[in-house]
Structure formats: C-alpha cells, structure tokens
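The values are calculated or read from the model by the stated rules, or taken from the named source; none is laboratory data. Since we're looking at a predicted model, the values are computed, not measured. Neighbour counts are summed over all protein chains in view; Cβ atoms, including those assigned to glycine, are modelled from backbone coordinates with ideal geometry.
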Amino acid sequence: MMNDKQKILTWKLSVPCSLLIIALLLGNIFSSHLYAQNPAVLFATEPDECILYNANNQKMYYYYLLNPAESMNFSVSNLDSLVIFSRAFASDEENNISYNYVISSEAFQDTVSKKCRFSNITRGVDGQFMSTYNKSILQVDQNSSITIKNISDTPVAFKLDDNTPNNFSSQLEYIAYSPDVYSDEKVLIVKDTEYTYYESDNGIIELDLFGPVYLKIISRTIFHNPATRKMDYQFFVYDNNELMATFTEAAHQSSQSIFPHDIEQIPSTGDVNILQFDKGSHNIQIRDNTNNHSMIFRLYINKTAVYVGDK
C-alpha cells in the first residue's frame, strides 16, 4: 500500500459509500481547470495539474506536474520572455534540495539546475511537502514551440507566466462545518472572537462529505504546563478507510487565544491544511496520533460547494 509521500499527486479517491448530508453539495463546480490559463501559452496535450496551498495568505496556486522523465510541450504567442516558477516535492523537512530540468526549442537546448530548501508555508493540498520556489526567465521568439523535461529523481511542479508572480490563485471562501463524530466541543477566543473547536472521540473525528469539495482543517494542541513552549504533534486523514495524508506540526503557545472556561490550559497557535476531494461520497476520519497531549480541530468546507434548495 502506498504511503502519502508516494501518492504525490493521486487526486482520484475511492468512493464506495453513499450518504446524504443536510446541505446539498455541487457536483461539478470544480473542474480540473481551477485557475485561468495564461492565454499566451498553449498546450497540445495539457500536463497533469497540481494545486499548492500557502498557509500565510491562505491562497491556492495552480501548477503543472512533471514526474521524473516526463515532458510538457507548449507553444507561446505574443511573448518575448517567459517566466518559469518551479518547485520540487520534498520527501521530508530537508533543506538541501536539488533538481534539474531540460528546456528546449527549435533554436536552443539548456539544462537548468536548481537548489532550494524545504518550504515552511507551502504544501500540496493533500499535505505533500514542497520546496521553496525558483524562478527562471527565458527569452523566447514569438510563436516558439518549447519543451520542458524533468530529468530529476523527484517530481517537479512548474508554473508559467509572462510577468512577475501574479497569483494564478484563488481566495476561496469557506464556511465552518461540524463533524459527525467527536467527543466534545471547546470554545476558543481569538482576538475577542469565539470559535468552536472539536476534540476527537477515542482519537477520531469523523464526517461525511460529497465532492468535489475542499476541506480546510485548523488543528491545535493544548499546553497544560506554561513552562512548555513547543510540542510536536501528528494526525492522519483517511478517506473511505484509505490513508490520504499525514500532517506533522510543530506547536507553539498562542499569545492571542484563550479557553474562556479553562484559563489554565493554553492553546497552541493554529496550523492550517487543505485537502481536495473529488466527485463522490467521502467518509473522512481525522485520527489523532498524539498520545501525551490533547488535540482540537476546527473544520471548514468551501462555500461555493454548498447550496440549499432546488437547483
């Protein structure tokens, strides 16, 4: 069975269970093209897509995926330069990451070698570790045909632009969502605003969704000793009993949030992760893998995936 790192861009999930949820969910809001394509870049056969999530600005970014030895071929029009952003998929929190790719056209061929470090803020939407990005600027002739080939041992994600990094991004709007199975609720006040978090029931929080849908998970751990400043914690996400993602976080005491009914407990800062679920039924379990301290979760789904009434 593949682990989550081997499933680097496996977006197709098993969907054996059937269910109804109170809020009906849209069936085809999200196509494979989430973000506007650059009209100056045209693919004869479009490569696989991947979506990356930036925890700082909570935006998702559209990239193309090239596995080892894979190529993408495209033509450009009305451009004199092409900006290529690239990132490698990281196997763990390593800071000496390197990768190579070959870029060629009718007029040239060049091997590009890049070095980067582990990114603390950007991950794949299913939790895959990513490197920081590199940027290359390629001078091109108008109406050129270009090929990029990944010659590294690791998958590499590419974003193509004709200018500085604009977003190729989407600020999705989310709504809070309550799980079906949990043990208790905890009210947390963050900057004078109350939020409801959920504790796991025997280590599991469970909910049923119908995709396509995005699930945002905000996780925190609880400090019982003020002298402890940092704790690591881990949780797993299963979809229809199959491991989908593993998240390992470093928790720090929050200076901006409190439990109003138990001020002796100190919440950690929140860690945000987003998962993408394809069309179909999904029984989702969030399994707490931390035995020596408590974890709490707050869940959101994208607002555009929900409607009420006939449609």
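A few notes on this one:
- Against the conditions (1) surrounded by fewer than 17 Cβ atoms within 10 Å (Cβ to Cβ); (2) in contact with a His (Cβ under 9 Å, 6 or more places away or on another chain), residue 233 satisfies every one except (1).
- Those residues of the stretch 129-144 which are charged (D, E, K, R) and either surrounded by 15 or more Cβ atoms within 10 Å (Cβ to Cβ) or outside any strand (DSSP E or B) (or both), in sequence order: 141
- Selected residue (only one of 122, 147, 154 is in the same structural domain as residue 41 (by TED's automatic domain parsing) and in a loop (DSSP other than H, G, I, E, B)): 154
- For the condition of a type in the set (Val, Ile, Thr) and not in a loop (DSSP other than H, G, I, E, B), residue 246 qualifies.
- Of the residues making up the stretch 202-211, those that are surrounded by fewer than 21 Cβ atoms within 10 Å (Cβ to Cβ), of a type outside the set (Val, Ile, Thr) and in a strand (DSSP E or B) are 206, 207, 208.
- Of all residues in the stretch 197-226, those that are of a type outside the set (Ser, Thr, Tyr), over 21 Å from the mean Cα position of the chain (by Cα) and under 21 Å from residue 254 (Cα atoms) total 6.
- Cβ-Cβ under 8 Å pairs, at least 6 apart or on other chains, the stretch 221-232 side under 18 Å from residue 297 (Cβ atoms), far side hydroxyl-bearing (Ser, Thr, Tyr) and assigned to a loop (DSSP other than H, G, I, E, B): 221/290; 221/294; 222/294
For (1) of a type in the set (Gly, Ala, Ser); (2) more than 24 Å from residue 212 (Cβ to Cβ), each residue gets a yes or a no:
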residue	(1), (2)
44	yes, yes
58	no, no
63	no, no
76	no, yes
84	no, yes
103	no, yes
110	no, yes
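- Taking the criterion of being among the hydroxyl-bearing types (Ser, Thr, Tyr), assigned to a strand (DSSP E or B) and farther than 14 Å from residue 157 by Cα, the residues of the stretch 46-99 that qualify are 75, 81.
- Meets criteria (without any contact (Cβ under 8 Å) to a residue 60 or more places away in the chain and either surrounded by fewer than 21 Cβ atoms within 10 Å (Cβ to Cβ) or in contact with a strand residue (DSSP E or B) (Cβ under 9 Å, 6 or more places away or on another chain) (or both)) for residue 86: no
- Options 176, 227; residue that is at negative phi, exposed (fewer than 13 other Cβ atoms within 10 Å of the Cβ) and at pLDDT below 85: 227
- Residue satisfying condition, being over 16 Å from the mean Cα position of the chain (by Cα) and either within 19 Å of residue 275 (Cα to Cα) or at pLDDT below 85 (or both), within set 72, 60, 1: 1
- Condition check for residue 220 on (1) crowded, with 22+ Cβ neighbours inside 10 Å; (2) touching a Pro at 6+ places or on another chain (Cβ under 7 Å); (3) at pLDDT below 90: one failure, at (3).
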